[in-house]
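For reference, the structure discussed in these notes is given below.
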Amino acid sequence: MDKQPKWVPEWVWTEYLEFVQVCGHMSADWVVELNRASERPAERVAREIVFDKDLASLWRAMERRDKSHEMVWEKDQQRTHEHVSSSGRPKTWGLFMHVLGTMHGPSPHDLVGHDDRQARGASIAKLARRLRRELARCQIRHSHLPEPIETHVYAAAAALAKNLVQSSVQTRITAGIASSVASARVEDAFLMGAMAAFCYGTSQDEPLGFPILEGLEAGGDAWAKSEPVVYRPRDKTAVRTYFVRSITAYFRHWYGAPLRKEAASLTRKFFDGDMDASFVLKLAP
């Protein structure tokens, strides 16, 4: 068994061992998908991060800004209506998984150019607005969609909910939770929540309501106004650029600062080149 490096705090080491243990006997979709995407086993990437002395300052920075992490976590809990203590969430797991998910480079959506995303985002928003108007003509008030529409949409929502429940239950079973307990924890609450979301999302409490379509409209408009993460996707350093911008965005979100020195250390770990905080600043102002 590996020995804890002197520069690794006890809380990091404990979370790392738990992460390795879970990944070691787990066939959950998120592990399989991350391993496939990064072309590196999840345990290997976690080990490379933990055993790199150059990253000792990362753990200190995370400790100093733990309050920021706690506040963001609590805010996320309120938004998703979950109630998991911030003290119960392994902070290193989020870092490991973010690095794994980022190493394979940007998604096709991240690479869509400014003009193209402007046109496509505006088109999505326009179609959502048009569909909301058409549904509003049904004169729905605290009621349902026309029966044939509701039947098909409800069936699709129910099938999606059941698939997500099965995946979530399987994740818990492979993590060592008894199948009966895993099912009891997830299925009833999730199905009820999914159906409630469907009923609310396809109702019209206000003129031109329909929150699901409203979300599509707002999302389309937002995408149209956004900028590509990587402007030159064919450049040989495009994946590295994406990694730098993604990891600094991760630090900003969770710790209230880009942690450029630590971002540079992580980038050097997985990409060639001599990078420091000033290099990161140029790529991710």
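The values are calculated or read from the model by the stated rules, or taken from the named source; none is laboratory data. This structure is a prediction, so every number in the text was calculated from the model and none was measured. Please note: Cβ atoms are built from the backbone with ideal geometry, for glycine as well, and neighbour counts cover all protein chains shown.
A few comments on the model shown:
- Hey, GLU48 buried (at least 18 other Cβ atoms within 10 Å of the Cβ) and either closer than 12 Å to LEU100 by Cα or at pLDDT 90 or above (or both) or not: no
- Count of residues meeting criterion [surrounded by fewer than 17 Cβ atoms within 10 Å (Cβ to Cβ) and modelled with pLDDT of 65 or more] in region 15-39: 4
- Across region 238-285, the number of residues qualifying as surrounded by 15 or more Cβ atoms within 10 Å (Cβ to Cβ) and outside any helix (DSSP H, G or I) comes to 5.
- Of the criteria (1) within 23 Å of TYR255 (Cβ to Cβ); (2) at pLDDT 85 or above, which one SER85 fails: (2)
- Only a single criterion out of (1) exposed (fewer than 13 other Cβ atoms within 10 Å of the Cβ); (2) among the basic types (Lys, Arg); (3) at pLDDT 80 or above is not satisfied by ARG141, namely (3).
- Residue list for region 60-82, restricted to those being among the charged types (D, E, K, R) and either modelled with pLDDT of 75 or more or closer than 21 Å to THR267 by Cα (or both): ARG60, GLU63, ARG64, ARG65, ASP66
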